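No lab work stands behind these numbers, since they all come straight from the coordinates. All values derive from a computational prediction rather than experimental measurement. Quick reminder, even Gly has a Cβ in these numbers, built from the backbone with ideal geometry, and neighbours come from all protein chains shown.
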Amino acid sequence: MTELSMTRVSDLVRMLSAMPDEGEGEFLYLGLHVRGTVALTRAGEDEAFLEPGDMVFCDPARRDVLRFGEDCLMTYFRTTRRHLGVAEPDLDRVVGVPVRHGVGMGALVSGFLSALAAEEEFHRSAIGDRLARSAVDLLAVLVMELLQAETGPDTSGASKSGGEMLSRIRAFIEEHLTEPELSPESIARAHHISVRYLHKLFQDDGTTVGQWVRQRRLDSCRQELGRASNRRTTVAAVAQRWGFSSPSHFSRTFRDAYGMSPSAWQALAASGVSSANTDARCP
């Protein structure tokens, strides 16, 4: 594609409509999605799409990672690899990893770089040079966070990091249990990690993402159906409220988990049987 414009903040900023030319192996690029369609393809993972404000690290030698639509516009931020303070193999691991702009470091970096690229007067000024150095520091932190998220808990430090990440993910799941669209993809996207790493976190804890979400939804349904104040609430309404799209599927899943149908459980709770006895029947 044709280069639209060229601007600089120190040696950091280049604004292009497509990937930079090959032959710049000493540099790493961060692409900031402005508009149009950008698809990411990494080995062993499903294709992902960027939203405006999302980012992705790019290597001109690995063009197969990105696929652009005809109306695509991206801003590329260039920095030398050695300034990031990370080993070359680790830098290669972050290429093609989507960085979502909604929360955390993704939000901070996306907002900062968007503002930096938009201010023309900063591009060739002393203030711009200082901002560029700050931007490089932010990119270094972002790379470290992505590497931490992609690394499995195989050392004591990584185990602690993985445990903290798993705790945050479980808290996120609790907050979004009622949303039918809650899925491994949406959970991974919200935490800026790959779906593969998400599955590994739960696998190391002896379960799966789907099993955890399903069990937490079932527990919430069981508690709601067991309240005397909700005896007139229908099973279908409770199932829908907690993210089950199919009442029949919910009933089968509930029976498999607790040994009785949700309607039978609701009737048992409404009959005045003590919570200690009913809990004993439901693991």
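Panel order for Asp59, Asp219, by other beta carbons found within 10 Å of each beta carbon, from fewest to most: Asp219, Asp59.
Each principal axis of the Cα cloud of region 156-206 was evaluated for its coordinate range; sorted largest first, these ranges are 35, 21, 18 Å.
Sorting 68-80, 248-260, 94-106 by average packing, meaning the other beta carbons within 10 Å per residue, from highest down gives 94-106, 68-80, 248-260. Annotation: average projected area of region 176-253 is 5.6 square nanometres, based on the convex hull of Cα atoms across all directions.
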